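Just below is one structure, and these are the notes that go with it.
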Amino acid sequence: VGEDLLEGPRLYRDTGKMLAYSEPNWQAAAGSGLIDLYVKNSPSGVLVDGEHEFVNMSSYSYLGLNRHPKVVQGAIDALEQEKITGLGITPTRMQPALMREVQEQFSRLFRAQCFIAISCSVATAGLLPLVSSGALIDGKPRVTVFDKRAHFCMDLVKPICADEAPVFTSPHNDMNFLEDMCKKYSRVAYIADGAYSMGGVADLDALMELQDRYGLFLWFDDSHGISVMGEEGEGFVKSTLPELNPLTLITGSLEKGFGCSGGIVMLGREDKHSLINTFAGPMCWSQSMSVANLGSLRACIDIHDSPELGRLQERLKRNISYFDQRIPTSLRGSTLPVRALVVGETSLAVELSNSLLYEGFYSAPVYYPVTSRGREGLRIMIRADHHRNDLDRFCDLLEKYVLPHV
Ligand SMILES: Cc1ncc(COP(=O)(O)O)c(C=O)c1O
């Protein structure tokens with residue numbers, strides 16, 4: 001068989017090209033000790049890597065809930081209650097009763113039909129093909145339009161969706177492109193982030209208008225909005241849409257603001273339990289949510305249901321606004337905690353990140369494939385549990401090392 005016959009059409013992914021463009025970037029970061037770190041946590045939240053100690057300025061546990069004593073204790077309590085790590089049987093057949101309890105608590109808290117999965121990526125791999133095929137909606141396939149900047153966990157599923165329905169990629173937040181698609185095809189689904197991992201948000205007003213006019217299905221990954229926004233931490237999208245209709249679905253990772261592990265799916269009222277329990281691919285295979293994590297989720301839901309959430313959100317806002325006063329970025333003023341300092345070159349981003357690490361702060365260098373080429377820099381994530389004196393010193397260091405290159 002000829003070599004050319006061994007190649008696929010590569011319509012939706014090209015691993016060789018991705019490796020060629022990104023491998024030198026990862027190697028540069030590895031050479032400076034900026035990836036592949038194994039650290040220990042200390043009670044103050046400072047991380048320890050051998051002889052180095054540093055504050056993590058690139059953690060997406062925005063409210064610091066990953067080290068909240070009640071959330072840690074929640075895992076211990078659940079394990080002590082259940083005396084088992086998990087049931088060792090496919091979740092389709094059997095799950096810990098605690099899973100149903102937690103799912104029901106989420107549904108009440110976020111005022112939507114909520115399902116949880118072991119990660120947002122697993123929920124996405126399970127459900128996105130059911131959107132393109134129509135199985136989750138009305139049984140009819142839908143042209144599926146991915147925003148160019150939709151997170152990798154959605155991009156990864158493109159070839160599978162393309163086996164069910166035509167797939168297109170739209171320029172970022174391009175509502176004219178999307179409207180043209182809606183005019184051309186009778187059933188369209190749009191796949192995007194709600195709050196983007198490099199900052200910025202979806203144009204919710206315009207999207208809801210397109211939904212009204214053309215019956216557009218909307219899929220939002222709101223991983224970076226959950227816990228940070230909304231009175232109950234329901235996120236950027238859900239706090240804007242009081243009731244989810246049958247044409248809107250939200251996913252999110254619980255590893256970010258929520259400070260636990262797992263992923264969440266929010267749907268409207270129509271009962272989708274039996275479809276999801278049997279046809280959502282990797283949501284139905286061997287892994288159930290671990291008992292320990294269910295315990296943490298339960299404790300964390302209690303925090304979201306109490307005035308403490310508002311206090312943590314407030315503390316986060318104060319830290320963000322302090323950072324914004326000191327360091328100008330294009331995202332200044334955004335309530336979301338991600339800030340990018342663009343220096344435009346991988347080697348410079350790596351060098352600056354290295355200098356900051358040497359001074360006691362980890363701020364991740366970002367480059368292709370995380371950013372487009374030419375947008376390399378540092379990604380900074382502000383948290384509620386950053387101490388003001390650490391933030392202050394970090395801003396001094398950014399002024400000294402980074403701002404001259406931005
Ligand atoms: C927007 C977005 N969605 C999904 C994910 C992945 O979430 P998970 O690790 O729960 O699959 C991430 C983080 O990598 C993300 O930034």
Rough spin-label spacing in nm, given labels placed 7 Å along Cα→Cβ, for Gln73 and Lys317 = 2.8
What net charge is computed for the residues neighbouring Ser121, neighbours being all others with C-beta under 12 Å from the C-beta of Ser121, Lys and Arg scored +1, Asp and Glu -1?
-> -3
Along principal axes, largest first, the alpha-carbon spread of the chain in whole Å comes out as 57, 57, 48
Under the rule of -39500 (n - 2.57) per DSSP H run of 4 or more residues, summed and divided by the residues of the chain, what mean residue ellipticity at 222 nm is obtained, to the nearest 500 deg cm²/dmol?
-> -12000 deg cm²/dmol
Going from the alpha-carbon gyration tensor of segment 138-184, what semi-axes, largest first and in whole Å, does one get by taking the root of 5 times each eigenvalue?
-> 17, 16, 7
What does the charge add up to near Gly225, with Lys and Arg as +1, Asp and Glu as -1, over the other residues with Cβ less than 10 Å from its Cβ?
-> -2
If amide H atoms are modeled at 1.01 Å from N in the peptide plane, then the residues at a separation of 5 or more from Tyr190, or on another chain, having amide H under 5 Å from its own are Val145, Phe217, Leu218, Trp219
Under 5 Å from the placed amide H of Ser59, counting only residues 5+ away or on other chains, we find Met381
Built amide H within the under 5 Å cut-off of Phe361, gap 5+ | Val55
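Read the figures in this text as sums done on the coordinates, not as results from a lab. Bear in mind that the values here come from a model prediction, so they are computed numbers and not experimental data. Reconstructed Cβ throughout: ideal geometry from the backbone, glycine too, with neighbour counts over all protein chains shown.
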